[in-house]
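Asks: Here's a structure for you.
Just so you know, all these numbers are worked out from the coordinates, no wet-lab data involved. Everything numeric here is computed off the predicted structure, so don't read it as measured data. A quick note on method: Cβ atoms are made from the backbone with ideal geometry, for glycine too, and the neighbour counts reach across all protein chains shown.
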Amino acid sequence: MGKVRTLVIRAPGTNCDAETVFAFQQAGSEVSLVHVNQLIRRRERLDDYQILVIPGGFTYGDDIAAGKVLANELRLKLGEDILRFVEDGKLILGICNGFQVLAKAGFLPEFSEDGSLLLTVTTNDSGRFECRWVHLSVNRESTCVFTRGIDRLYLPVAHAEGKVVVLSGALTEQNVALFYTDEHGDISARYPHNPNGSVGNVAGICDRSGRVFGLMPHPERYIRGTQHPQWTRLGAREYGDGLQIFRNTVDWAEHL
Amino acid sequence: MQRIEVRLKSHLPDARGLGLVKDIRDLGITTVSMVRVIDIYWLDSELADDDLDLVCRRLLADPVTQEYNHQSAFSSEVELSAGNHSVEVAFNAGVSDPVEDTIMKAIRDLGISSVREVRTAKRYLLEGQLDEDQLEVICSRLLVNPIIQHVVKTEQFSFPENPQYRFALNRVSILGLDNDQASSVRQQYGFDDDEFKAIIEYFRAQERDPTDVEMETLAQAWSEHCVHKTFKGKVTLDGAVINNLLRSTIVRATKELDKPWCISVFEDNAGVIDFDGNWALCFKVETHNHPSAVEPYGGAATGVGGVVRDPLGTGLGAKPILNTDVFCFGPPDMPYEKVPRGVLHPRRIFKGVRAGVADYGNRLGIPTLNGAILFDRRYVANPLVFCGTLALMPNEYGRIRRQNPGDLVVVIGGRTGRDGVHGVTFASEQLTEQSSSVSYSSVQIGNPIVEKKVIDVLLQARDRQLYRRITDCGGGGLSSAVGEMAAETGVRVYLDKVPLKYSGLSYSEIWVSESQERMLLAVPPENIEELVNIFGSEDVEAAVIGEFTGDRRLKLFYQDNPVADLSMEFLHEGRPQLQRQALWQPPQYDEPDFDTPADLGEALLDVLSSWNVCSKEWVIRQYDHEVQGASVLKPLVGKDNDGPGDAAIIRPLLGSEMGVIVANGINHKYGDIDPYWMAVSVIDEALRQIIAVGGNLDRVALLDNFSWGNTDRPDMMAALVRALQACYDMAVVYQTPFISGKDSLYNEFEFEGEIISIPHTLLVSAIGVMADVNRAVSMDLKNDGDLIYIVGTTLNELGGSEYFSAHGFTGNGVPRVDPQRARRLMVNLSRATAEGLVSACHDCSEGGIGVAVAEMAFAGGLGATINLGAVPLGEPVDRDDFILFSESNSRFLVTVMPERQGEFEEIMAGSVLAVIGRVDGSEVLTVYGLGGNRVVNTPLAELKKAWQEPLRW
């Protein structure tokens, strides 16, 4: 079996692509960084990959609402390919803007057949873009493939629209993969531990299969020990917390 | 025309509205309990209802959180009930919201192609009792900036029509004018007498009058902004003549130092130095002052956009990896009645500039990791906005290139509109009360995503070597970019080939437009097809607008009509050198006459909570400082991630251990006493920060940014000369070459017959190469029991200090530097950090030892005790407060574990230092005075609160 192949999509305004590519390389995958136009114009095929990643950024400027325009573009122009990708047992990861895109395309919490939405990611309660590090805990009830074996994480967020809002009954216990917590792991902690006012402190959501995952925090920004904001106090660890998410992803894909 | 309203469902909190409620309360109006914001979209279309529904449901409104209405306005209960108010705000004609282009694309994605145009607006519903005056205050101070916006009545809205342009050649009559007529033409284009004479002579020899576009070209090329004529001028000071200020100071230092790692200095859009033998660093900082004064958000945003294009347009183009931004504003608490008419309140300028810088930088995905914000009432009408970008490129692309005759002139990126027509001459003129109403065409709203697209695709074209040369389109637009690039060759440009945003632009407007997000390439004809294709693959326009020639002439055409024909020699060398007189008279200030306060704890709290010293976390958190994943030392450090770091460190290549340190030095108060020592001090400060975080002086490059008043005045000119001389003196001793720089002059404002000039302001920005980022040191105290050292000599130097300023004094004892000793000290300290002997280090700057030790303690969450009697003094100082708050340069507070004391002192041998205290397990900062008495005994929580509160907005 050959190496796992990861496709990192970029679109106008994508800006976390390079470090996301680096993270997947560190996790042992081959990575292609491909402009969305190349997929739409059929110069690249989704079929050739096991992992699809929508990285962070401000696609199309986050004009109208964060991720909205790319979400429509993916759904209308690549929706069938993406559905087949998921049905083939492959993996989709959306980080920050990528999560906003997955939510607004109707790919989370489950693939929406008619494009109606149950979930959105909207303006932070503070009304501000904020960049800060947050404590996270993994929901053990979740089927999420990406967070297997992980208990707690410390990662940065950087967004203005990260508040998860859901229509009632839209989420099951399985769908919630990640919670914001305080430093002791309390999942009812409030701002700034919950940086955006997300309902139920939800930081990341996956579908029933556990193979489509979106999260607001940036695991690709904590791969090396010196990315930790207090490494000069605490010493630099060999790897950052974020790396395990990418390793989990690649490990799973190896068995496809 | 169709109108759509989108609003949040009523049970959800409106974060934008809540922010406005707070802002309204800041205006002293307490009756507004709620504000809700409705987004309005005007479509120039005749869509059927089901298509309109599709656009709303799938695109404009979020079905989970929002509701829409395209039949009528929301006849909201809030609006209709008595005492509530609705204000609708739209952009002025000619101002386009970048969102509109995105909406057009997204509507086409939905399969609807019949929408011709989209305009956006906002409606504010204010709940609460307001009289008309109060509503007017809210509109004018918060909701509407008349430069770009106006209040509309729903029925008034119309799509502006763009007239068609019909060509007619305009000549400007300058030959055979009488004095009055000549003077009026001269002033219209902003030439001085000598310049205008040279122009008349040139055209007399041509036996014709110039065309308007020729005059515009000369006005741009000879403007202060483009050619820096003051810095290249001939200055007489004390009978001595300095020919070309820049060459005889800053550039001279770089030449004398002749560092082999300098790749490109003072010849391109940014400076370039070698990083690791394979990669090069490219660095530039510049100002965007005048536009930010008039429209803070748009002005500052385009400041970021502009400076990012500098490294992109250096060599063959560098990838931006870090932004650094420094602002100077009037005090945020300035009473409204003290703010000159025609000027926005400092708080609004601050908020707008911050938002503009953050929105543009965040969207480009460039981390903003370092900066500073200073306040002084003299910045009220002339805020300073310094934007800087560090970029990375392969070494072999670093040097400036030359195009060949026959290469094509290609403009890429954004389209050209009427934006910023005359922006350059605007930047070089003083602002007046009328500026706000007459200068609207100088303001643009940038579109960062267009620039991001340009960056992404340009670097691919670079790596395929598809173009031979590149420059940015900045101030002066195509006129400057093409004119400068073609100086050695000559060029023919067909102005009707330039892609336009809308019809109606004259050939002259096309030529001088300063529309953002454009770059200029010289492309060999054989590569043009591949180049256009690669840009097209990512939806970036690339248009051939002319070709470079070998005749050294600038020839412009519009629809086959020649409209300009100038010799490059005259355009670039025909300007008579500027002559200026300088006269230096040192000012004298009162020395303070207050007694040493009994409780220096209170004094410390005052200094910590001053605008200049207090925490800037509110600003920093709204920048993305983590994007690109390269940060090693972030702007906020310490136990709770909220202490003030010195310099920032990034790891530009994620797989390498090498780093770049970025630091800034700025202090306008010293300049009030002596600009020479101000320049010395800010260079020292920038270098101190590099040393404090674990760097060294082996490979440090500097940038200068001078923001000054009116240098036509001999005293201003003399101040400038002194600062420039200091730059030379320091650079050669520290062996840190300047690699690029910028200046912004004439920063003064006329108000009620009085001239308000900004303080002399020099920003020195430094980058240092770090061999191993794992040696980085942060400023927070770390271990109970660590020894606290002061490194460096303390003198009675409180002139221009924060402490004196808090007491209403300037004083005269400005901090000085002995550069030879300072360099030795910095070299020693950098060896100590490289050996891992230093657990924390913070440089002493504003607020001296007092502020430095307090910041270290609360950042680390560890108390400390220090003894002022142990501080090594360079002269007798008998006051505790003076020792605690002296701002003497070249000093550091350093902590060392007791078991490493011997090693540390050995490495530091030959430099002045002393143990002045210890980190302890308490939660208090204690300071003992010269008499052995306790002069400060303040809980860390109280210190931190004082420091954090002022800007916790």
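Asks: Pull up the DSSP beta bridges for chain A and report the antiparallel fraction as a percent, rounded to 5.
Replies: Antiparallel bridges make up about 60 percent of those DSSP assigns within chain A.
Asks: Is region B:799-842 rounded, prolate or oblate when judged by the Cα gyration tensor, a ≥ b ≥ c being the square roots of its eigenvalues, rounded requiring a/c under 1.5 and prolate requiring a/b larger than b/c?
Replies: Oblate, because a/c is 1.5 or more while a/b does not exceed b/c.
Asks: A follow-up question, please. Tell me, what ³J(HN,Hα) does each residue in region B:642-657 have, in order and in whole Hz, if you take phi through Karplus 6.51 cos²θ - 1.76 cosθ + 1.60 with θ = phi - 60° and put x for Gly and Pro?
Replies: 9, x, x, x, 7, 8, 9, 10, 10, 10, x, 10, 4, x, 10, 9
Asks: On alpha carbon coordinates alone, what is the Rg over Rh value for region B:667-760, Rh being the Kirkwood radius?
Replies: 1.04
Asks: If you don't mind, another one. Please list, ordered by chain and number, the residues whose modelled amide H lies under 5 Å from the amide H of B:ALA840; skip anything fewer than 5 residues away on the same chain.
Replies: For B:ALA840, the qualifying residues are B:THR895.
Asks: If you don't mind, there's one more thing I want to ask. Just name one of B:TYR467, B:ALA221, B:LEU837: the one whose Cα is farthest towards the positive end of the charge dipole of the protein assembly as shown (beta-carbon charges, Lys/Arg +1, Asp/Glu -1).
Replies: B:TYR467
Asks: With 10 angstrom as the radius, rank B:LEU633, B:LEU697 by how many other C-beta atoms surround their C-beta, starting from the fewest.
Replies: Neighbour counts put them in this order, fewest first: B:LEU697, B:LEU633.
Asks: For chain B, give the share of DSSP beta bridges that are antiparallel, in percent and rounded to the nearest 5; count only bridges with both residues there.
Replies: Approximately 80 percent, going by the DSSP bridge assignments.
Asks: Treating the angle as unsigned and between 0 and 90°, give the value, to the nearest 10°, between the Cα long axis of helix B:848-860 and the longest Cα principal axis of chain B.
Replies: Once rounded, one gets 80 degrees.
Asks: Counting only Cα, what are the radius of gyration and maximum Cα-Cα distance Dmax of chain B, in Å?
Replies: Spelled out, the Cα radius of gyration and Dmax of chain B are 28.8, 87 Å.
Asks: 5 Å is the cut-off here: which amide hydrogens, built 1.01 Å from N in the peptide plane, fall below it relative to B:LEU795, excluding neighbours closer than 5 in sequence?
Replies: For B:LEU795, the qualifying residues are B:GLY874, B:SER888.
Asks: With angles folded into 0 to 90 degrees, how steeply does helix B:296-312 sit against the dominant principal axis of chain B? Use alpha carbons for both and round to 10.
Replies: The answer is roughly 90 degrees.
Asks: While we're on this one: For the Cα atoms of chain B, what angle does the longest principal axis make with the long axis of helix B:714-734, in degrees from 0 to 90, nearest 10?
Replies: The angle comes out at about 60 degrees.
Asks: Give, as a single signed number, the net charge of other residues whose beta carbon lies under 10 Å from the beta carbon of B:ALA221, with Lys and Arg counted +1 and Asp and Glu -1.
Replies: -1
Asks: Okay, moving on. Applying the Karplus parametrisation 6.51 cos²θ - 1.76 cosθ + 1.60 with θ = phi - 60° to the phi angles of region B:401-407, what ³J(HN,Hα) value in whole Hz is obtained for each residue in order, glycine and proline being reported as x?
Replies: For region B:401-407, the Karplus curve yields 10, 10, 8, 9, x, x, 5 Hz.
Asks: So if I restrict to the alpha-carbon atoms in region B:777-953, what is the Rg, and what is Dmax, the biggest pairwise distance, in Å?
Replies: Gyration radius and largest Cα-Cα distance of region B:777-953: 15.6, 47 Å.
Asks: Just the ratio, please: alpha-carbon radius of gyration of the protein assembly as shown over 2.2 N^0.38 Å, N its number of residues.
Replies: The reported ratio for this selection is 0.92.
Asks: Right, another one. Return the inverse of the average 1/r over all pairs of distinct C-alpha atoms in region B:2-156, which is the Kirkwood hydrodynamic radius, in Å to one decimal.
Replies: 16.5
Asks: Something else about it: Within the P(r) computed for region A:5-254, what percentage of the Cα pairs occupies the region above 23 Å?
Replies: Of the Cα pairs, 44 percent sit more than 23 Å apart.
Asks: Continuing with the same structure: If amide H atoms are built 1.01 Å from N in the plane of the peptide, which residues on other chains or at least 5 residues away come under 5 Å of the amide H of B:LEU500?
Replies: Residues meeting the amide H criterion: B:THR416.
Asks: If the reach is capped at under 27 angstrom between alpha carbons, list the lysines near B:LYS639, excluding any in the same chain fewer than eight residues apart.
Replies: Counting by Cα, and skipping residues close in sequence, B:LYS639 has these lysines nearby: A:LYS163, B:LYS616, B:LYS782, B:LYS944, B:LYS945.
Asks: State, to one decimal in nm, how far the label point of B:ASN162 lies from the label point of B:ALA205, with both points 7 Å from Cα in the Cβ direction.
Replies: The modelled label-to-label distance comes out at 4.1 nm.
Asks: Out of the DSSP beta bridges found with both residues in the protein assembly as shown, what percent are antiparallel (nearest 5)?
Replies: 80
Asks: May I ask you to compute the full-extension gain from B:ASP590 to B:ASN561, defined as 0.36 nm times their residue separation minus their alpha-carbon distance, rounded to one decimal in nm?
Replies: Stretched fully, the B:ASP590-B:ASN561 segment lengthens by 3.8 nm.
Asks: Take the residue pairs B:LYS259/B:LYS453; B:LYS351/B:LYS634; A:LYS77/B:LYS453; A:LYS68/B:LYS501 and return only those whose Cα atoms are more than 28 Å apart.
Replies: Going by Cα-Cα distance, B:LYS259/B:LYS453 fall outside the 28 Å limit.
Asks: For B:TYR502 and B:GLU136 in the same chain, what is the full-extension length gain: residue separation times 0.36 nm, less their Cα-Cα distance, in nm?
Replies: Extra length available between B:TYR502 and B:GLU136 comes to 128.4 nm.
Asks: Could you sort B:839-851, B:113-125 so that the peptide with the highest average Cβ count within 10 Å comes first and the rest follow in order?
Replies: Sorting B:839-851, B:113-125 by mean packing, highest first, produces B:839-851, B:113-125.
Asks: Quick one: what are the phi-derived ³J(HN,Hα) couplings along region A:150-158, Karplus 6.51/-1.76/1.60 with θ = phi - 60°, whole Hz, x for glycine and proline?
Replies: Coupling constants for region A:150-158: 9, 9, 10, 9, 10, 9, x, 10, 7 Hz.
Asks: Ok, one more. Using the Kyte-Doolittle scale, which helices in chain A average at least -1.0 and also have C-alpha atoms spread 18 Å or more along the helix axis, with helices defined as whole DSSP H runs?
Replies: A:68-87
Asks: Can you give the FRET efficiency to the nearest 0.05 for B:ASP44 and A:ASP182, using r as the Cβ-Cβ distance and R₀ = 45 Å?
Replies: Efficiency at R0 = 45 Å is approximately 0.30.
Asks: Rounded, prolate or oblate: which fits region A:133-192 when a ≥ b ≥ c are the square roots of the eigenvalues of the alpha-carbon gyration tensor, with rounded for a/c under 1.5 and prolate only if a/b beats b/c?
Replies: Oblate shape, in that a/c is at least 1.5 and b/c is the bigger or equal ratio.
Asks: Take the alpha carbon gyration tensor of region B:465-545, find the square roots of its eigenvalues, order them as a ≥ b ≥ c, and report rounded if a/c is under 1.5; if not, report prolate when a/b exceeds b/c, else oblate.
Replies: oblate
Asks: How many partner chain Cβ atoms sit within 10 Å of a residue's Cβ in peptide A:68-80, on average, as a whole number?
Replies: Per residue, the average neighbour count from other chains is 3.
Asks: Could you list A:CYS131, B:CYS226 in order of exposure, starting from the residue whose Cβ has the fewest other Cβ atoms within 10 Å?
Replies: B:CYS226, A:CYS131
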